[in-house]
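Worksheet: one structure, shown below.
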Ligand SMILES: Cc1cc2nc3c(=O)[nH]c(=O)nc-3n(C[C@H](O)[C@H](O)[C@H](O)COP(=O)(O)OP(=O)(O)OC[C@H]3O[C@@H](n4cnc5c(N)ncnc54)[C@H](O)[C@@H]3O)c2cc1C
């Protein structure tokens, strides 16, 4: 990683600035969060993960070690013709989709080979089911709270 042609500290091992669940890089004096940070292997460039990370970073900087937690944070696709909310399974996940409803009001659930729900997408009137679907899934990092 460089800034104005000059090398910065080598903090990138993955796709971004790599941090653990305490948001610490390989340099213990440097923390990262937001779009630039890969937290425990996850790059989630939107506001909710950033907010969750900030809740951990504050205490960490104040000397109270606090691990970040990422619940399932579905992405809302905002279009005027058809609203959608999705939490896709991890790239390459093995399993299959079960799809219910008639377009544009669809509910799709992805089950892995153990039969666990690991992703979903809902559109139209079915977006009201997003909370119920999210609650049925394990947190991405740490606890659901
Ligand atoms: C068009 C668009 C729509 C979006 N809509 C949504 C949405 O609806 N919901 C949602 O959750 N998320 C949305 N996002 C994502 C959301 O905006 C980002 O996840 C969030 O802004 C990331 O915050 P950040 O502080 O990590 O980075 P940023 O907000 O990108 O802030 C980084 C700051 O660093 C500054 N900077 C960069 N380089 C340097 C440098 N070398 N020196 C000094 N300063 C520097 C930049 O100017 C910028 O001000 C959207 C993003 C885009 C682009």
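Values in this text are rule-based calculations from the coordinates and carry no lab data. The shown structure was predicted, so the numbers you read here are calculated from the model rather than taken from an experiment.
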Intensity falloff of segment 41-90 expressed as log10 I(q)/I(0), Debye formula with alpha-carbon point scatterers, at q = 0.15, 0.18, 0.24 Å⁻¹: -0.53, -0.67, -0.94
Taking the chain and counting helices only, DSSP H stretches of n ≥ 4 at -39,500 (n - 2.57) each over all residues, the nearest-500 ellipticity at 222 nm comes to -4500 deg cm²/dmol
Enter the mean projected area of the convex hull around the alpha-carbon atoms of segment 2-61, in nm², rounded to one decimal. 4.2
According to the Kirkwood expression over distinct Cα-Cα pairs, how big is the hydrodynamic radius of the chain, in Å? 17.0
On a 0 to 90 degree scale, rounded to 10, what angle separates helix 47-61 from the longest Cα axis of the chain? 30
